[in-house]
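The values are calculated or read from the model by the stated rules, or taken from the named source; none is laboratory data. Quantities reported herein were computed from a predicted structural model and do not represent experimental measurements. So basically every Cβ, Gly included, is an ideal-geometry build from the backbone, and we count neighbours across all protein chains shown.
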Amino acid sequence: MSLSLSLPQRYKRTLQAMTLAVAIIYMTLVLYQNAYGYPNIQTIQLPLEVAQQEDIQPVVVASQQQDGHQQQHIQQHQPTTVIIRKDVLSFNFSDIERPDSSSISDTGRNLLLRGLSQRSVTATPKPPITELDDIFISVKTTKNYHDTRLALIIKTWFQLARDQTWFFTDVDDKYYQEKTKGHLINTNCSMGHFRKALCCKMSAELDVFLESGKKWFCHFDDDNYVNVPRLVRLLDDYSPTVDWYLGKPSISSPLEIHLDNKNSSVPTNKKITFWFATGGAGFCLSRALTLKMLPIAGGGKFINIGDRIRFPDDVTMGFIIEHLLKVPLTVVDNFHSHLEPMEFIRPETFHDQVSFSYARMKNEWNVVKIDGFDMKTDPKRFYSLHCHLFPYFSFCPR
Ligand code: UDP
Ligand code: MN
């Protein structure tokens, strides 16, 4: 058989060869993109609701009332920076301010922190993914709670995560700025326990975290005790490159809200349900998840979404993550808010809990049931809890 081809046949062969070459180049590109992705390009699809946010109006709230957060709109006057210290003497910080590391407290602290950061060189089969320094811990507070709640945190668990914890408040406060070594952030949000102010702070917390480059964002209220080593161990079980929304709901069924789209040509009323982690127990978000939130809720846009659905910060967070981004809440029972009875947390499990809280209910305290300091010295039980978990602290009884 002759190898010489006629002209049409030659064209046909050339065409076939070119098609094959194009197919090979295309396959290579697809494989490369799958493996490495496109640099600097956000590929997430914004859910429909975000594109139509202008039209969203909530009309009915079903399900249980959540979180006790009030939703009234109050016009705030400008925050004043004049701060009157009420009980500054009762918060003597001298015992934790020794610059040298000679005290038992500091030695213990250093041992613990070294333990947390050195797991990478131990012979564990699984390399650690998350260490204390990978976590951004944000605490929401307000001017009126600096002398009480903030001071209590600074004296206890803050000492175990001084470089990782940031306080988001609504005034400049030189005194606590110094106590926290510059970790007090004045958000310039309004003071007050109302939706707009709370969403404003949460928005600031999220934005500062995004800037920080850390792997995990963990939010807490200023009436939370955070068991720092346990928090690190918790996050070590999850990957920050996967979408994680870790926390605990305060209601037994998902929140149901009705979104009313009056402005559309065909007015609609849509019922949606979603879970949210109650802010008062604390919750954590992986960096992967916050990067997906960035285009819709970053750079202050969290406040806009709160404004549109008119729910508090923690509900807004659940709405964005569960409803808009379709990332489900992973329930972690070790987070605790004062919406649950603290006395039911068994002492033998204290080490295993991530967060605790307290609240004064009428004349009674909802607090952790723990031996230690008397009720007058330690009504919120956080000093006793802290000494139970970390007995080497200098104010703990020997
Ligand atoms: N908070 C605030 N501004 C206020 C009152 C409260 O930022 O005017 C913060 C407070 O610091 C705490 C959270 O909101 O971190 C919840 O406040 P609180 O414990 O008083 O109320 P709860 O919602 O738990 O009943
Ligand atoms: Mn509270």
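The residue of segment 347-364 that is nearest to ligand 2 (Cβ to nearest atom), among those that are of a type in the set (Ser, Thr, Tyr) and within 19 Å of the chain's Cα centre (by Cα), is SER357. Please tell me if LEU291 is in a strand (DSSP E or B) and of a type in the set (A, V, I, L, M, F, W, C). Against the criterion (in a strand (DSSP E or B) and of a type in the set (A, V, I, L, M, F, W, C)), LEU291 does not qualify. In segment 259-274, which residue that is in contact with a strand residue (DSSP E or B) (Cβ under 7 Å, 6 or more places away or on another chain) and either modelled with pLDDT of 90 or more or not in a strand (DSSP E or B) (or both) is nearest to TYR225 (Cα to Cα)? So the residue we want is PHE274. Six or more apart or on different chains, Cβ under 8 Å: which pairs go from a residue in segment 178-198 that's under 12 Å from THR165 (Cβ atoms) to one that's within 16 Å of ligand 2 (Cβ to nearest atom) and outside any helix (DSSP H, G or I)? Could you list them? Partner pairs satisfying both residue conditions: THR180/PHE167; HIS183/PHE167; LEU184/PHE167; LEU184/THR169; ILE185/PHE167; ILE185/PHE168; ILE185/THR169. For segment 328-358, filtered to residues that are away from ligand 1 (no atom under 16 Å from the Cβ) and among the hydroxyl-bearing types (Ser, Thr, Tyr), the residue that is surrounded by the most Cβ atoms within 10 Å (Cβ to Cβ) is THR330. Among the residues of segment 247-270, those identified as closer than 18 Å to THR316 by Cβ and among the charged types (D, E, K, R) are LYS248, GLU256, ASP260, LYS270. All of (1) in contact with a Cys (Cβ under 7 Å, 6 or more places away or on another chain); (2) modelled with pLDDT under 95; (3) not polar (S, T, N, Q) hold for ARG310 with one exception: (1). With respect to (1) touching a residue at least 40 places away in the same chain (Cβ under 8 Å); (2) away from ligand 1 (no atom under 13 Å from the Cβ); (3) touching a helix residue (DSSP H, G or I) at 6+ places or on another chain (Cβ under 9 Å), the lone exception for VAL171 is condition (2). Looking at segment 336-376, the strands (runs of 3 or more DSSP E) lying wholly inside it that each contain 1 or more residues that are farther than 19 Å from LEU234 by Cα sit at 359-361, 364-366. Checked against (1) in contact with a helix residue (DSSP H, G or I) (Cβ under 7 Å, 6 or more places away or on another chain); (2) within 9 Å of ligand 1 (Cβ to nearest atom); (3) modelled with pLDDT under 95, ASP223 meets all criteria but (3).
Within segment 160-174, does at least one residue satisfy the condition of being within 24 Å of ARG360 (Cβ to Cβ) and under 14 Å from the mean Cα position of the chain (by Cα)? Yes; the residues of segment 160-174 include at least one that is within 24 Å of ARG360 (Cβ to Cβ) and under 14 Å from the mean Cα position of the chain (by Cα). Scanning segment 283-298 for any residue that is under 22 Å from PHE335 (Cβ atoms), among the aliphatic types (A, V, I, L, M) and either touching a strand residue (DSSP E or B) at 6+ places or on another chain (Cβ under 7 Å) or within 16 Å of ligand 1 (Cβ to nearest atom) (or both) turns up at least one such residue. Within segment 158-196, being more than 23 Å from GLY299 (Cβ to Cβ), among the charged types (D, E, K, R) and part of a helix (DSSP H, G or I) holds for LYS174, GLU178, LYS179.
Any idea which residue in segment 197-220 is nearest to ligand 1 (Cβ to nearest atom), counting only those that are in a loop (DSSP other than H, G, I, E, B) and in contact with a helix residue (DSSP H, G or I) (Cβ under 7 Å, 6 or more places away or on another chain)? It comes out as LYS214.
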